[in-house]
Amino acid sequence: MSKEEFFGVYVLPAVVAVITALAGFVGAQIKTLYQRYVNDRIKRDVVHTCVKAAEQLYHDLGGPEKLKKAQEGVRQMLEEKGIPISELEMNLLIESAVAEFNYGLGGKKREPVPEEPAAGTSMTEDDRGASR
C-alpha cells in the first residue's frame, strides 16, 4: 500500500472525524453560552418590566407588598418562557432594578455610607477625637 492510499483510506477519514467532533463540541459550547446570555438578558428585562408595573399599578401599597407583586409577575412570566430563576437571583435583580429606578435617572440621591473601621482595628485617641 502506497503512502497516498494509506492517507486516503485511514488518515483523511480520521482527520475529518476529529474536525467534525471538534466543530460539534465548539458549536454546543457556543450555543450554551449564547442561551445563557439570552436568558440573563430576558431575566433582566422581565424584572424591569415587573418592577415598573408594580410601581405603577400598586403605588398605594407598601414596599413588601410591591415586592411580592413583582416576584409573582417575574415567576409567572419566566415560567411561561421556560426560563428557571432562583429566589436569590430574582431578589437581587429586583433590588438592582429598584435601585436603578430610584437613583439612575436623577431621582433620589444616594446617601454616602459612613465608613466603619475594619474588623480587628481599633481607633486611636486621635481618631476618636476627630470623629466627635
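Before moving on, here are some points about what is shown:
- Restricting attention to segment 15-54 and to residues that are within 30 Å of A99 (Cα to Cα) and basic (K, R), the residue that is most open to solvent (accessible area, probe 1.4 Å) turns out to be R36.
- Test: residue in segment 58-69 that is acidic (D, E) and exposed (fewer than 11 other Cβ atoms within 10 Å of the Cβ): yes
- Failed criterion for L12 (all others in (1) open to solvent by less than 100 Å² (accessible area, probe 1.4 Å); (2) farther than 20 Å from L93 by Cα; (3) at pLDDT 90 or above hold): (3)
- Flag for Q29 being at pLDDT below 90 and not aromatic (F, W, Y): no
The values are calculated or read from the model by the stated rules, or taken from the named source; none is laboratory data. This is a predicted model, so every value here is computed, not measured. Ideal geometry is used to build each Cβ from the backbone, glycine not excepted, and the neighbour counts take in all protein chains shown. Surface areas here come from the heavy atoms of the whole protein model, side chains and all, with no ligands, DNA or RNA. Shrake-Rupley method; radii C 1.70, N 1.55, O 1.52, S 1.80 Å.
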